[in-house]
1. When the Cα centres of the range 19-50 and the range 117-184 are compared, how far apart do they sit, in Å?
2. Using DSSP, restrict attention to beta bridges with both residues in the chain and report what percent are antiparallel, rounded to the nearest 5.
3. In cubic angstrom, how much convex hull volume per residue do the alpha carbon atoms of the range 167-239 span?
4. Provide the gained length on full extension for the span Leu218 to His171, in nm with one decimal, where the gain is 0.36 nm per separating residue minus the Cα-Cα distance.
5. Can you tell me the equivalent ellipsoid semi-axes for the range 53-146? Use √(5λ) from the Cα gyration tensor, largest first, whole Å.
6. Go through the range 93-186 and name the GluC sites (Glu not before Pro) that are in a DSSP coil and have 15 or fewer other Cβ atoms within 10 Å of their Cβ.
7. Quick check: pseudo-label points 7 Å beyond the Cα along Cα→Cβ at Leu154 and Glu58, how many nm apart are they?
8. How compact and how long is the range 103-210, expressed as Rg and Dmax of its alpha-carbon atoms in Å?
Amino acid sequence: LSALWAASQRAPTYYELFANGVHVATAAFERGDAALAVERSRHAEFGLAWASGPHKLELQWFRTRFSNYIALDATGVDITVPAEGPGDPDEVFPEYAFRAVRARLTGFEAEGHARLLSGAPVTLDLSLTIDQVKADNLDAGEPLPRIAPLRARLSLEASRGGLRGGVVVRHAAEQDRVPATDAATPGYTMLDLWAALALPVPGEASAFVKLGNVTDRLGFNASSIATMRGLAPLPGRAVSAGLRWRW
């Protein structure tokens with residue numbers, strides 16, 4: 001059993017204080033607030049961990065309260081930026097502003113690992129991780145923007161001698177706890193495959209290959225700003241291979 005209590009402070013960054021223009025990467029007009037005070041929070045966490053040989057289970061619950069949480073949120077206002085040259089059209093960008101609000105974050109993390117088979121002919125391990133955060137703007141009485149949804153990761157790994165391989169399923173639920181200025185992000189489930197082979201050289205060396213998002217599923221990051229969420233989805237199907245050598 002474990003328990004943790006912490007208090008922290010964070011000074012606002014320069015862009016949270018002085019931003020006043022178009023962010024080229026996100027196509028949003030960001031506006032800072034030079035009067036922002038230090039961000040302050042208090043954090044409590046409780047945990048339970050159990051292990052027996054290769055089997056283990058870890059659970060954690062936490063709550064963080066902010067007296068001054070600095071959030072970037074859409075204002076619902078569009079800003080017109082004059083054209084740079086003659087004949088160029090004016091451009092319109094949604095305004096996002098850095099504001100300090102009272103906030104509360106409550107969440108949990110769970111991780112489990114079980115050995116299904118041991119020894120000949122193969123060793124088989126199953127792992128599962130789940131996490132979720134519920135974040136609220138206490139001043140506005142609505143959720144904070146761009147918070148990750150419930151996420152889960154299930155993996156099955158097989159090994160025999162120096163050869164290892166596995167299957168990983170990654171799932172993110174729909175994030176519909178959003179403020180009025182944002183839109184829900186649909187959930188997704190992705191499948192990854194990987195394999196690795198230990199190499200008979202000095203030190204620790206292995207060759208690996210990974211096939212990510214096997215089904216080429218379309219997914220979006222709920223933590224990204226709304227102006228970019230639809231334009232920059234998560235990576236599609238991809239193959240990567242390489243060598244690792246530590247000596």
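1. A separation of 23 Å, based on Cα centres.
2. Once the DSSP bridges in the chain are tallied, antiparallel ones form about 95 percent.
3. Numbers: hull volume 8.2 nm³, N = 73.
Spread over its residues, the Cα hull of the range 167-239 gives 113 Å³ apiece.
4. On the way: separation 47, 0.36 × 47 = 16.92 nm, distance 1.22 nm.
Taking 0.36 nm per residue and subtracting the Cα distance, the gain is 15.7 nm.
5. In descending order the semi-axes read 48, 23, 8 Å.
6. In loop regions of the range 93-186 (DSSP not H, G, I, E or B), the sparsely surrounded GluC sites (Glu not before Pro) are Glu174.
7. Rounded to a tenth, the inter-label distance reads 2.2 nm.
8. For the range 103-210, the Cα-based Rg and Dmax read 19.6, 61 Å.
Read the figures in this text as sums done on the coordinates, not as results from a lab. Bear in mind that the values here come from a model prediction, so they are computed numbers and not experimental data. Positions of Cβ are backbone-derived with ideal geometry, glycine not excepted, and every protein chain shown enters the neighbour counts.
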